[in-house]
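Below is one structure; the comments refer to it alone.
The values are calculated or read from the model by the stated rules, or taken from the named source; none is laboratory data. This structure is a prediction, so every number in the text was calculated from the model and none was measured. Virtual Cβ from ideal backbone geometry, glycine too; neighbours counted across all protein chains shown.
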Amino acid sequence: MKNLDKEFLKNIFSLKDKVVVVTGASGLLGRMHVEAIASQGGIPVIIDIDEKGLNELYDFIVAEYSIEPHIELINITNELQIAECAERVANKYGKIDGLVNNAARNPSVSKNKKLNFSRLENFDLDVWNKDLSVGITGSFLCIKYFGYKISLNDNGGSIVNISSDLGVIAPDQRIYRQENTDMDMQPVKPVSYSVVKSALLGLSRYTSTYWAERNVRSNCLLPGGVKTDQDDIFMSKLENLIPLKRMAIQNEYQGALIFLLSDASSYMTGSNLIMDGGRSAW
């Protein structure tokens, strides 16, 4: 049996000095992604429209990991802002090694006394356009500019698109139902969320072959639900759909992200890594 390179194995998950762009960086999972990158020695480029959140995240990463992230307060749906950002980052560091397309709008499951806006028949076109603009157009623009910069590297790099288990299964609308509420007023998971998360799979698959000869890998991470402050009734309904009988904790996807960005996944591209406690396996 051929001896494996021990030094390679020792550093197989290392992101040391790798410049990795993270969109939606100040959000719930975005912060976890940024921390994961910094924990392995990477240099996070943190992008968001939330200035306060970015500054707080910057201070946290510096204090905890002694690494200075690069902050970009920009809107990923603005092509000029993305193009200029890609140039700034590439000029500053001489390269871009990775991209985490994490930014997304999360349309609410809500209603008022007269109309349930989350239902398909009532769903507002303006909300639909905004959701797709951030989730799909924004991801495309980031790949167009940051992904191209990655393709110029001698060793390529990695693109990770954050999808969802709802990119491969339909939402079970029964878990959102409320007692003593007419069917046409029942809250549902909005259609735009599933469409965005499904579309990311196609975008990622396309990119996986487009720059493959330059060793740019493109994969999707499909997380399940994350436990935050959901009410007990909803939690019980959802957990009954999950074989592991629980939602994920906030930092539970960090290992998977490090894997997808690092040399540990060097022969993996065009794939979907599903982490949903087994929900999509039923």
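Among the residues of region 229-274, what is the count of those that are hydroxyl-bearing (Ser, Thr, Tyr) and farther than 21 Å from ILE169 by Cα? Steps first, answer last, please.
Start the filter on region 229-274 by keeping residues that are hydroxyl-bearing (Ser, Thr, Tyr), which leaves 236, 253, 262, 265-267, 269, 271.
Keeping just the survivors that are farther than 21 Å from ILE169 by Cα gives 262, 265-267, 269.
Total meeting the criteria: 5.
So that you can scan it fast, the table gives a plain yes or no per residue for (1) more than 19 Å from GLN186 (Cα to Cα); (2) modelled with pLDDT under 95; (3) buried (at least 21 other Cβ atoms within 10 Å of the Cβ); (4) more than 25 Å from the chain's Cα centre (by Cα):
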{"residue": "LYS92", "(1), (2), (3), (4)": "yes, no, no, no"}
{"residue": "ASP97", "(1), (2), (3), (4)": "yes, no, yes, no"}
{"residue": "ASN101", "(1), (2), (3), (4)": "yes, no, yes, no"}
{"residue": "ARG105", "(1), (2), (3), (4)": "yes, yes, no, no"}
{"residue": "LEU115", "(1), (2), (3), (4)": "no, yes, no, yes"}
{"residue": "ASN122", "(1), (2), (3), (4)": "no, yes, no, yes"}
{"residue": "LYS130", "(1), (2), (3), (4)": "yes, no, no, no"}
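Where residues in region 229-282 are surrounded by fewer than 16 Cβ atoms within 10 Å (Cβ to Cβ) and of a type in the set (Val, Ile, Thr), which of them is nearest to the chain's Cα centre (by Cα)?
This residue is ILE249.
Restricting the search to region 189-198, which residues are crowded, with 18+ Cβ neighbours inside 10 Å, over 21 Å from MET268 (Cβ atoms) and not aromatic (Phe, Trp, Tyr)?
Scanning region 189-198 gives LYS189, PRO190, SER192, VAL196.
Across region 117-159, what is the total count of residues that are farther than 30 Å from LYS95 by Cβ and part of a helix (DSSP H, G or I)? Lay out the reasoning, then the answer.
Here is the first cut: in region 117-159, the residues farther than 30 Å from LYS95 by Cβ are 117-132.
Filter once more, keeping what is part of a helix (DSSP H, G or I): 120-122, 125-132.
Matching residues across region 117-159 total 11.
Any idea which of ILE37, ILE49 is buried (at least 19 other Cβ atoms within 10 Å of the Cβ) and either in contact with a strand residue (DSSP E or B) (Cβ under 9 Å, 6 or more places away or on another chain) or of a type outside the set (Ser, Thr, Tyr) (or both)? Walk me through how you get there before you give the answer.
On the way: ILE49 fails: buried (at least 19 other Cβ atoms within 10 Å of the Cβ).
Testing whether each residue is buried (at least 19 other Cβ atoms within 10 Å of the Cβ) and either in contact with a strand residue (DSSP E or B) (Cβ under 9 Å, 6 or more places away or on another chain) or of a type outside the set (Ser, Thr, Tyr) (or both) leaves just ILE37.
It is to be established whether one or more residues within region 128-144 are free of Cβ contacts under 8 Å to residues at least 40 places away in the same chain, out of contact with any Gly (no Cβ under 8 Å at 6 or more places or on another chain) and under 20 Å from LEU200 (Cα atoms). Can you show your working first?
Residues of region 128-144 that are free of Cβ contacts under 8 Å to residues at least 40 places away in the same chain, as a first pass: 129-130.
Filter once more, keeping what is out of contact with any Gly (no Cβ under 8 Å at 6 or more places or on another chain): 129-130.
Going one step further and asking which of them are under 20 Å from LEU200 (Cα atoms), we end up with 129-130.
There is at least one residue in region 128-144 that is free of Cβ contacts under 8 Å to residues at least 40 places away in the same chain, out of contact with any Gly (no Cβ under 8 Å at 6 or more places or on another chain) and under 20 Å from LEU200 (Cα atoms).
Name the pairs: first residue in region 81-94 and of a type in the set (Ser, Thr, Tyr), second residue surrounded by 14 or more Cβ atoms within 10 Å (Cβ to Cβ), Cβ to Cβ under 9 Å, at least 6 apart or on different chains?
Hits for this filter: TYR93/VAL19; TYR93/ILE43; TYR93/VAL45; TYR93/HIS70.
Which is more than 26 Å from ALA199 (Cβ to Cβ) and in contact (Cβ under 8 Å) with a residue 40 or more places away in the chain, of SER271, SER266? Give the derivation first.
Working: SER271 fails: more than 26 Å from ALA199 (Cβ to Cβ).
None of the others qualify; the one that does is SER266.
Name the single residue, out of those in region 200-235 being in contact with a Gly (Cβ under 9 Å, 6 or more places away or on another chain) and basic (Lys, Arg), that is nearest to SER133 (Cα to Cα).
Top of the filtered list is ARG205.
For region 17-31, check the following and say yes or no: at least one residue is over 20 Å from LYS130 (Cβ atoms), surrounded by fewer than 19 Cβ atoms within 10 Å (Cβ to Cβ), under 20 Å from the mean Cα position of the chain (by Cα) and not aromatic (Phe, Trp, Tyr).
no
Let me confirm something: among GLN178, GLN250, which residue is without any contact (Cβ under 8 Å) to a residue 12 or more places away in the chain, in a loop (DSSP other than H, G, I, E, B) and not hydroxyl-bearing (Ser, Thr, Tyr)? Show your work before the answer.
Numbers: GLN250 fails: without any contact (Cβ under 8 Å) to a residue 12 or more places away in the chain.
Criteria check complete, one pass: GLN178.
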